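To start, the structure itself, in structure tokens.
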Amino acid sequence: MSPIPRPRPSTLATAALSLLGAFATADEALTVVSWGGSYAKASVEGYHKAFTAETGIEIKLDDYNGGLAQVRAQVEAGSVHWDVVDVELADGVRGCEEGLFEPLDPATLPPGANGEPPAEDYFPGMITECGANQLFYSTVYAYNAKRLTGTKPSTIEDFFDLERFPGRRGMRRSPVVNLELALLGDGVPIDDVYATLNTRAGIDRAFRKLDTIKEEIVWWEAGAQPPQMLADGEVVMSTAYNGRIFNAQVLENQPFVIVWDGQVLDTGYLAILYGAPNLEAARQFVAFAARPSSMAGVARYISYGPTRRSAQPLVSTHAATGVDMRPHMPSSPENMRRALPNDWQWWSDNRDEMNVRFAVWLTQ
């Protein structure tokens, strides 16, 4: 069922905000909201500084943990103080349908590294109505090799096996990805995961699988938490964003091992809030971020891969350590052998219902 559109701010208020945004000055501050931690640092070094150097527009970077609640509150009140937010694809599509984000004009996207038209340069499905996906990232699970002796886990089924691998598990406090991992851990083939979730019996099956480890789960909300929990020994395994684990490996020499089996591959994009106070500057920023050089710039600091073909050859080595970044990308052929692409449409249609069910399940 399609979401019910939310009311937009008044036409007069929005026009006033847009007019103010049109007069971008060199000393204005653009408020960009993202995921914090090593990913935010990679974005700052990868292209934020270059954007400010080129345009003179400063970036005020704030953190959040995802979702649309704060975006809805601002837009529906007609009091928007964020300009750009880094959204998961399903949230971006849902927010676009609700009128929370400005539409994207594909003509504003820059050409590829060799002049390729954007429509040909982006991988299929990466340009949406309100944004162009910027990076491939994935949710994986990882363990601390020094704290896990004997046989090591190697499959998604192992994550749910408390007999062979006793101890606490870290998981994000969200139904997103957890339902997919639960079905994979219960033996559902990758190609059948979302067809299974399309049935009430399939959703029940996913929650039953989560029940088997529920008493051992330590919930995390921010991407910086899983590496810390693994380092401290608070958990023996944890789901995590692959780039956060990679940075802990190469920058902190943590003995973490990523299990790529069953990774859930996802993308996200920079969305401009409807009624953003610095609209024209926000559009400049989004276009700058869409450059192949910006995508490759991020990939020098964290292992998230570009969504443009011409940006992939620009991916080189880690800026601080010289490590070859290509084998660490979630979209590399070796890591993709048993990857599940996130079905953003399923989550866009079902997230509210799953959030309610997940919240109730947590209390049971």
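Computed about the Cα centre, the dipole magnitude for region 19-120 is approximately 200 debye when only Lys and Arg (+1) and Asp and Glu (-1) carry charge, each at its Cβ. Find the accessible area per residue for region 255-307; the probe is 1.4 Å, ligands and nucleic acids are left out, and the unit is Å². Heavy-atom accessible area per residue stands at 21 Å². For the listed peptides 256-263, 183-190, a ranking on the average number of other beta carbons within 10 Å per residue, highest first, reads 256-263, 183-190.
For region 58-168, the relative contact order comes to 17 percent (Cα pairs under 8 Å, sequence separation of at least 6). Under the rule of at least 5 residues apart or a separate chain, name every residue whose amide H is placed under 5 Å from the amide H of E88. Counting only residues 5 or more places away or on other chains, the set is G67. Computed about the Cα centre, the dipole magnitude for region 231-321 is approximately 540 debye when only Lys and Arg (+1) and Asp and Glu (-1) carry charge, each at its Cβ. Counting only protein heavy atoms and a 1.4 Å probe, region 114-183 has 41 square angstrom of accessible area per residue. Farthest toward the positive end of the dipole of the chain, out of G115, V315, T128, is the Cα of V315, where the dipole comes from beta carbon charges about the Cα centre. Rolling a 1.4 angstrom probe over region 29-109 with all protein chains present gives an accessible area of which 50% lies on carbon and sulfur atoms.
Rounded to the nearest Hz, the phi-derived 3J(HN,Hα) couplings of region 306-320 under the Karplus curve 6.51 cos²θ - 1.76 cosθ + 1.60 (θ = phi - 60°) are x, 9, 10, 4, 6, 7, 4, x, 7, 5, 10, 10, 5, 4, 8, where x marks glycine and proline. Please name which of M325, N355, G262 has its Cα lying farthest along the dipole of region 247-364 towards the positive end, using unit charges on Cβ (Lys, Arg +1; Asp, Glu -1) and the Cα centre as origin. My answer, from the dipole projection, is M325.
Surface composition of region 253-311: carbon and sulfur make up 47 percent of the accessible area, probe 1.4 Å. Under a model in which nothing but the beta-carbon of Lys, Arg (+1) and Asp, Glu (-1) is charged, the chain shows a dipole of about 620 debye around its Cα centre. These residues, I127, I245, go from largest to smallest accessible area, 1.4 Å probe, as I127, I245.
Computed over protein heavy atoms with a 1.4 angstrom probe, the accessible surface ordering of T128, T239, T321, largest first, is T321, T128, T239.
Each residue, D352 and E58, gets one label point 7 Å from its Cα in the Cβ direction; the gap between the two is 3.9 nm. Compared with the direct C-alpha span, the chain from R72 to A231 gains 53.6 nm at full extension, assuming 0.36 nm per residue.
Between the listed residues N278, A240, V250, the Cα displaced farthest toward the positive end of the dipole of region 190-298, a dipole computed from Cβ unit charges relative to the Cα centre, is found at N278.
Close amide H contacts of I217 (hydrogens built in the peptide plane, cut-off under 5 Å, sequence separation of 5 or more or a different chain): R169. Residues whose amide H falls under 5 Å from that of R338, counting only those 5 or more places apart or on a different chain, are G262, with hydrogens built in the peptide plane. Using a probe of 1.4 Å on the protein chains alone, the accessible area found for M237 is around 0 Å². The Cβ shell under 11 Å around A311 holds other residues with a net charge of +1, Lys and Arg each +1, Asp and Glu each -1. Convert each backbone phi in region 209-221 into a coupling constant with the Karplus relation 6.51 cos²θ - 1.76 cosθ + 1.60 (shift: θ = phi - 60°), then list the ³J(HN,Hα) values in order as whole Hz, x for Gly and Pro. Here the 3J(HN,Hα) series is 5, 4, 4, 5, 10, 3, 5, 10, 8, 10, 7, 10, 10 Hz.
The values are calculated or read from the model by the stated rules, or taken from the named source; none is laboratory data. Everything numeric in this text was worked out from a predicted model, so none of it was measured. As a convention, Cβ positions derive from the backbone with ideal geometry for all residues, glycine included, and neighbour counts pool all protein chains shown. When the accessible area is computed, the model is the full protein with side chains, heavy atoms only, and any ligands, DNA or RNA have been set aside. Shrake-Rupley method; radii C 1.70, N 1.55, O 1.52, S 1.80 Å.
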